[in-house]
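One structure is given here, and the rest of the page talks about it.
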Amino acid sequence: MLENRTIVIVDDEPETLKGYQEFLTGSQATPARKSSRQKSDTEQSGSSPSGSEQYNLLLASSGEQAVELVRQELTQGRKVAAGFFDVKLGAGMDGIQTIQEIRQLMPDIHCVIVTAYHDRSIEDIHKLFGEDFKDHWDYLNKPFTQGEIVQKARQMIAAWNRKNKIELLHQQLIRSERLSAIGQIARGVGHEFGNILLRIVGKADLALMEKDAAKIQEHIKVILSAAERAGGIARNLQTFSKSEPQFKQGNINTPLE
């Protein structure tokens, strides 16, 4: 199974978007904004922290554009695993609103909220997103380093793909259990029909050899009873195959009973 390595990046500053792109494509670039914790340009020369990792980057300069890019991916049958969202995005939607809109399309996306203004506290964001999303978002202040961006990307991509793999294995287990159950039913039905046919054939043979009309009638009654039994099994199987599954809403974090 191929990993999903698609990341949407939203920032209204072109140079910052360029910095993200350089950080995550492995180029030796100076950061879009320099941190006091960051090494000098000469100290940063050498191999990129992103190594040989490859990401599919969707770059957007507004929240509206980001939502449209994600919608286009969904239309093509693809998912977006992660995103970096600047909080301040000009006149349109801010980063928080953008995440909320994208979550309507892809609820399992992992997000990093990036800000230089400290305008939203961690608790405020937690209340906005809710308890179910608490392990799907992180927080990063500008100015940031290349190492921070690369590691956040690695963590989000790994978390998304790990959860997706677990869900896929769970679905495969359910399918396997269903196939096993169908196999058991088939074996049981085959055994039952075998007994019925044996009874029908046996009584038919006896009826053919019998001279007494009353005894022939008794054999025929047994044959009819066995045929009715076979018909009942067939009807039950048809009802079972046509039954519709019953769906109801539930919390994905709640264990199944």
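With all protein chains in place and ligands, DNA and RNA left out, the 1.4 Å accessible area ranks LYS134, LYS163 as LYS134, LYS163, largest first.
Partner aspartates and glutamates whose Cα lies under 15 Å from the Cα of LYS18, excluding those fewer than 8 positions away in the same chain, are identified as ASP86. Taking the centroid of alpha carbons for each part, the range 75-142 and the range 175-206 are 57 Å apart. For the pair THR25 and SER121, the difference between a 0.36 nm per residue extended length and the Cα-Cα distance amounts to 31.5 nm.
A convex hull fitted around the alpha carbon atoms of the range 93-215 yields 165 Å³ per residue.
Stretching the chain fully between ALA207 and HIS191 yields a gain of 3.3 nm (0.36 nm per residue, less the alpha carbon separation). A simple charge model with +1 on the Cβ of Lys and Arg, -1 on the Cβ of Asp and Glu and nothing else charged puts the dipole of the range 43-192 at about 520 debye relative to its Cα centre.
Taking 0.36 nm per residue of separation and subtracting the Cα-Cα distance, full extension of the segment from LEU198 to ARG71 would add 39.6 nm.
Checking every one of the chymotrypsin sites (Phe, Trp or Tyr not before Pro) in the range 112-216 against DSSP loop status and a limit of 14 other Cβ atoms within 10 Å picks out TYR117. Note that the range 122-211 presents 66 Å² accessible area per residue, ligands and nucleic acids not counted, probe 1.4 Å. In this structure, GLU131 and LEU173 have a Cβ-Cβ separation that, at R0 = 30 Å, corresponds to a calculated FRET efficiency of about 0.65. Could you calculate the FRET efficiency of ARG235 with LYS215 from 1/(1 + (r/R0)^6), where r is the beta carbon distance between them and R0 is 30 Å, rounded to 0.05? About 0.45, to the nearest 0.05.
The values are calculated or read from the model by the stated rules, or taken from the named source; none is laboratory data. Owing to the predicted nature of the structure, the values given are computational and were not obtained by experimental measurement. Cβ sites come from the backbone with ideal geometry, for glycine too, and all protein chains shown count toward neighbours. Note: areas computed on protein heavy atoms with side chains; ligands, DNA, RNA excluded. Shrake-Rupley method; radii C 1.70, N 1.55, O 1.52, S 1.80 Å.
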